[in-house]
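Worksheet: one structure, shown below.
The values are calculated or read from the model by the stated rules, or taken from the named source; none is laboratory data. This structure is a prediction, so every number in the text was calculated from the model and none was measured. With ideal geometry, Cβ positions are generated from the backbone for all residues, glycine too; neighbour counts draw on all protein chains shown. The protein model used for the area step is the full one, side chains on, heavy atoms only, and it has no ligands, DNA or RNA in it. Shrake-Rupley method; radii C 1.70, N 1.55, O 1.52, S 1.80 Å.
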Amino acid sequence: VRAAVFYGREDLRIEDVPEPAPGPGQVKLRVGFNGLCGSDLHEFYAGPRFYGSEMVIGHEFSGEVVELGAGVSGLVEGDRVAAEPLLPCGACHQCQTGEYHVCRRSAMQGCNAPGGGLAEYAVIRADKAHILPQEVGLAEGALVEPLAVAEHGVSRAAPSAEELVVVHGAGPIGVGVFLALRARGVERIVVAEPSAQRAAVLRELGGYTVLDPANDDVNGTLMAMSDGDGATLSIDAAGVQASFDAAVRGTAKQGRILLLATYGAPVSLNPNELVMSERHVLSSKAYRSNDYRAVIASLASGRYPTESWVQHVKLADVVDAGLRALRDQRAMKVLVDVRS
Ligand SMILES: [Zn+2]
Ligand SMILES: [Zn+2]
């Protein structure tokens, strides 16, 4: 079975690995697509920090069920599914109360647990296999994971349709946030994104207020749109000091600031910026199964266009056309077509 095995910094090799077999409660997938994301990029160029070594990576994948382990019900061979890579322990307080995405002992398949999706076959837990309806292709299925990150964040902020919302950062998570906001009827959305390429993608998706934070007055625009109040919801999907500052300062009194990024380095904050305006800080990690279901429903309804911001590469080209293209900002979102 051909697979991408991670050995360490800038060392990802396409190799033959043993074909996995499904244990009890598991299913075996013939993988369709596996998306590359920021954490893959980080681990490859600046890690390894939390990825395991000498294992198959990839945590954003879809596939077709080809074999059922013992005791699996609700799935049949031939089902096309999106894999949810979180592996919660099932026993801790968070797991017992349904908040398994913040499980104390959770691992993530294809990151710090083996068996990732950059392989011709992968085995996943049957309860982590989300069936894709007819209208949702395998390529879209591999986008469910990052879109679920955005969906979970937006659902934590629970915006109403009339709010003024600013999104800092229009990478794949920012795009997902934009789509999730629009799916909730939010129309007054300002997006701040320094990359012209990413800004163009947002405009094509229908974002009409896409600003360049290096040259445009983002917070001035927000104030002008809100009679000087600011956004009632600011979402930091960039995770750097500049976006964090802008998110805090552009937020209205008693508004919410949603942190929806993993920060590469600490950021500083004067707490008075929160105290004196009673701004709320929300954070969001990963997703739960309900976020997967919501994203799959949005994809099936055609509300989530994916053509303009996603490109496909072959497994053999995962480094050059995948990771390197992402690092050099020649690509926005890359799906590895594992079958090619
Ligand atoms: Zn990811
Ligand atoms: Zn747990």
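Just one of the numbered conditions (1) surrounded by 14 or more Cβ atoms within 10 Å (Cβ to Cβ); (2) more than 15 Å from ligand 2 (Cβ to nearest atom); (3) farther than 19 Å from Arg293 by Cα is not true of Gly78: (1). For Glu135, the conditions (1) open to solvent by 60 Å² or more (accessible area, probe 1.4 Å); (2) touching a helix residue (DSSP H, G or I) at 6+ places or on another chain (Cβ under 8 Å); (3) within 14 Å of ligand 2 (Cβ to nearest atom) all hold with the exception of (3). For segment 149-207, the set of residues classified as assigned to a loop (DSSP other than H, G, I, E, B), away from ligand 1 (no atom under 16 Å from the Cβ), of a type outside the set (D, E, K, R) and crowded, with 24+ Cβ neighbours inside 10 Å consists of Ala170 only.
When segment 141-185 is filtered for residues that are over 28 Å from Val102 (Cα atoms) and in contact with a strand residue (DSSP E or B) (Cβ under 7 Å, 6 or more places away or on another chain), the ones remaining, listed by number, are Glu163, Leu164.
Conditions (1) over 15 Å from the mean Cα position of the chain (by Cα); (2) closer than 16 Å to Thr251 by Cβ; (3) within 16 Å of ligand 2 (Cβ to nearest atom), marked per residue:
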site: Glu145; (1), (2), (3): no, no, no
site: Val165; (1), (2), (3): yes, yes, no
site: Glu193; (1), (2), (3): yes, no, no
site: Glu204; (1), (2), (3): yes, no, no
site: Val210; (1), (2), (3): yes, no, no
site: Asn219; (1), (2), (3): yes, yes, no
site: Gly228; (1), (2), (3): yes, yes, no
site: Thr232; (1), (2), (3): yes, yes, no
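Cβ separations smaller than 7 Å between residues 6+ apart or across chains give the following pairs from segment 91-105 residues that are over 14 Å from Lys285 (Cα atoms) and open to solvent by 70 Å² or more (accessible area, probe 1.4 Å) to residues that are within 6 Å of ligand 2 (Cβ to nearest atom) and modelled with pLDDT of 95 or more: Arg105/Cys89; Arg105/Cys92. Can you tell me which residue is nearest to ligand 2 (Cβ to nearest atom) among those in segment 106-116 that are open to solvent by 10 Å² or more (accessible area, probe 1.4 Å) and either of a type in the set (Ser, Thr, Tyr) or part of a loop (DSSP other than H, G, I, E, B) (or both)? So the residue we want is Ser106. Scanning segment 42-62 for residues being touching a helix residue (DSSP H, G or I) at 6+ places or on another chain (Cβ under 7 Å) and buried (at least 17 other Cβ atoms within 10 Å of the Cβ) gives a total of 6. Exactly one residue among Ala331, Ala247 is open to solvent by less than 60 Å² (accessible area, probe 1.4 Å), part of a loop (DSSP other than H, G, I, E, B) and in contact with a strand residue (DSSP E or B) (Cβ under 7 Å, 6 or more places away or on another chain), and that residue is Ala331.
Residues in segment 215-242 that are of a type outside the set (A, V, I, L, M, F, W, C) and assigned to a strand (DSSP E or B): Thr232, Ser234, Asp236.
Annotation: of all residues in segment 86-105 being in contact with a helix residue (DSSP H, G or I) (Cβ under 7 Å, 6 or more places away or on another chain) and more than 14 Å from Asn290 (Cα to Cα), the one that is farthest from ligand 2 (Cβ to nearest atom) is Val102.
Cβ-Cβ contacts under 7 Å between residues 6 or more apart (or on different chains), taken from a first residue in segment 6-29 that is at pLDDT 95 or above to a second residue that is among the acidic types (Asp, Glu), are listed as Tyr7/Glu54; Pro22/Glu67; Val27/Glu67; Lys28/Glu67; Leu29/Glu64.
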